[in-house]
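Shown next, in C-alpha cells, is the structure this report addresses.
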Amino acid sequence: MAYPTEYRYTKEHEWIAADGRIGITDYAQSTLGDIVFVELPAVGAELNAGQSFGTVESVKAVSDLYSPVNGKVLEVNEALNSAPESVNADANGTWMIKAEFDASQLENLLTAEAYEKFVSEETGH
Amino acid sequence: MSDSGSVLRKTALNATHRALKAKMVDFGGWDMPVEYSGLIAEHMAVRTGVGLFDVSHMGDIQLRGPGSLDAVQKLLMNDASKLQVGQAHYSAMLTPEGTFVDDVVLHKLSDNDYLIVINAGTREKDVQWVRKTIGMMPSIHINDYSDMYTQLAIQGPKAIDVLRKLTDVDLDSIKNYWFTWGKVCGLYNVLVARTGYTGEDGFEIYVPSDEATSTRVWNEVLEAGKEFGILPCGLGARNTLRLESAMALYGHEISDTINVFEAGLGRYCKLEKEADFVGKQALLAVQAAGGPKRKLVGLEMVDRGIARDGYPVFTLDGKEVGVVTSGSPSPFLKKNIALAYVPVELSAVDTELAVQVRSAMVKSKVVPLPFYKKPKKTT
C-alpha cells in the first residue's frame, strides 16, 4: 500500500494534506471494504483534533472519521454522496473535507514512514 | 466457544482462505473469511452467477437407531414424520418457553436415521441440548460429526452448471430441500443437498474434512466455475444474501428470548403434530392468548441512513417501540434494509417508523418480506 510522503497521518487512519484536504488511508479503505455511505459535517463546522467529524460506512461496518487537526470545515466533497465507492478506488486521491487550520499542527502528526510502521505493527505483518 | 480462550478454531480450508488473501474474522469462535475480492462483488456473483462458501463451521449431529423419529419429533418443532428419505426441512430446537435454542435443517437419511445441521456458534450447547432432551435411549446413537465434514455451499443460478461438471449425480432431479449421495470430484458417497442460506438456487456438499481432500475439492469447484465467473464468498456476503431473503440468523432474529411466533416462523412449527415437543405447551399458550405482542418486520429506509443491528426503532412522534436485529445496505436492491422487532399494531406494511442512526432519527417504512425473492425459472 502506498502512503504519499507529502501527507501527514493519524493513528485513526486519516491523512491530511498541507492544503487542508482530509481523507482516509488506503489501509483504512481496505479494512472497511466496500464503502457505501459517507456522512460529512456542514461547511463552517468546527474541527477538533482527535474528535469525530463524520462517519464512513461500508456494507458491514460503521467507522468514525477523526479530525487530524483543530480548525474549521472549508469545503465538503459532495461528490461522495453519489459515489462513495471512489474512496475504495483511490483513497489517497479522494478527499472528504477541506479544513482551514494552523499548519504548525502538521508537526504533531505521523509521517508516511511512521504511519506505515504503525500499520505494520498493528496488523502484525 | 471463543470465550474459553484466544485460540480460534479453523476449518480445513483455513490456509486456502489465507492464500486467497481473505479478510478473516472471529465468527462464533471460528477464524472465518469475511470477504475475498469484496463483499458487493461476491454478493452479486451469487445473485447473478455463482459463488462458493466454506461453511464447515456449521455442525452436524446424526441421530440413528430405532426410536430416532420419536426423538426428533420431541426435539424439533417441525413435523419430521412428513419427511421422506432424501428430503430435508427447516426446523428448530426450542426451549420450554417456546424460544430458540437454535434453528436447524433436518435431513432424513433413512428410516430412523437423521442428520441435523446446526449453527457454528451454538455447537456445544446444541449437542448437550440434544443429549439432555432425548435422554437415556440406548437404541439411539447420537453422534457429533461436525468435525468430520467440510461443508461447501455452491450458490447461485449457475451453481447447478458448475456442480454438473464435477459429479455423476442427476442434479436436475433433486428438488429444492432434497438431497442424494453420489460421486463428486472423484469422491464416492458425497451428500449433495439442494439447500443453502442465500435465497438463491444452489447446493451444499459434504466432503471428508482432511485438509488435502477439502482443498482439492474447493479448488476443483473454483476451476469448474471459472467459465461462469465463480467467486469465493465470505461470511459478509452470506449475511447480506440471507438478509435480503429475510432468513433468520441465530443471535439476531432468533434467540432464547424470542419465540417462534414473534420470529414469524410459525409455518415451520407444527403444533398439531402429536408429539409433545419441547416448547409446544408454551406456544399453545401464546396462541391461546391471542398471539405474540411483537413481530419481526422488514424495514426499508426512506431517508438517508443505514440501520444496523441493535439500533432502536421509534414511532414518528418519538416513542421507542422496537429494535433492529439485522440492518445493512442491500447490494442487490441498492436500498438500505433492516429486520426489526416492533409491536404487532405497528407491523402493517407501509407503517412509517424511525430508526435512530447515531444522533439522527431516520425515517423508514415497513415493507413485505422477503426483501428479495429469486426470479421464477423461465425454461
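The values are calculated or read from the model by the stated rules, or taken from the named source; none is laboratory data. This one's a predicted model, so the numbers in the text were calculated from it and none came from an experiment. We place every Cβ from the backbone using ideal geometry, glycine too, and count neighbours over all the protein chains shown.
For region A:23-35, the tally of residues that are closer than 12 Å to residue A:55 by Cβ, within 11 Å of chain B (Cβ to nearest Cβ) and not in a helix (DSSP H, G or I) stands at 1. Residues in region B:159-205 that are basic (Lys, Arg), under 15 Å from residue B:217 (Cα atoms) and not in a strand (DSSP E or B): B:164, B:165. Among A:44, A:20, which is the only one that is on the phi > 0 side of the Ramachandran plot, more than 14 Å from chain B (Cβ to nearest Cβ) and loosely packed, with under 15 Cβ neighbours inside 10 Å? The conditions single out A:44.
Within region A:41-67, the set of residues being of a type in the set (Val, Ile, Thr), part of a strand (DSSP E or B) and over 12 Å from the mean Cα position of the chain (by Cα) comprises A:62 only. Residue count for region B:327-361 satisfying the condition of being within 14 Å of chain A (Cβ to nearest Cβ), under 25 Å from residue A:64 (Cβ atoms), among the aliphatic types (A, V, I, L, M) and surrounded by fewer than 19 Cβ atoms within 10 Å (Cβ to Cβ): 1. Scan region B:144-187 for residues that are among the aromatic types (Phe, Trp, Tyr), out of contact with any Gly (no Cβ under 8 Å at 6 or more places or on another chain) and more than 25 Å from residue B:44 (Cα to Cα) and the total you get is 3. Note on region B:102-153: residues that are outside any loop (DSSP other than H, G, I, E, B) and under 21 Å from the mean Cα position of the chain (by Cα) total 30.
Can you find, within region B:146-167, the residue that is surrounded by the fewest Cβ atoms within 10 Å (Cβ to Cβ) among those that are among the hydroxyl-bearing types (Ser, Thr, Tyr) and at pLDDT 95 or above? Among those that are among the hydroxyl-bearing types (Ser, Thr, Tyr) and at pLDDT 95 or above, it is B:167.
Among the residues of region B:235-284, those identified as among the aromatic types (Phe, Trp, Tyr) and more than 25 Å from residue B:57 (Cα to Cα) are B:261, B:277. Looking across region B:31-46, the residues that are surrounded by 21 or more Cβ atoms within 10 Å (Cβ to Cβ) and more than 11 Å from chain A (Cβ to nearest Cβ) come down to B:32, B:33, B:45, B:46. Checked against (1) assigned to a strand (DSSP E or B); (2) within 12 Å of another protein chain (Cβ to nearest Cβ); (3) over 17 Å from residue B:328 (Cα atoms), residue A:38 passes all but condition (3). All told, residue B:234 meets the bar of being touching a Pro at 6+ places or on another chain (Cβ under 8 Å), closer than 30 Å to residue B:299 by Cα, crowded, with 21+ Cβ neighbours inside 10 Å and within 14 Å of another protein chain (Cβ to nearest Cβ).
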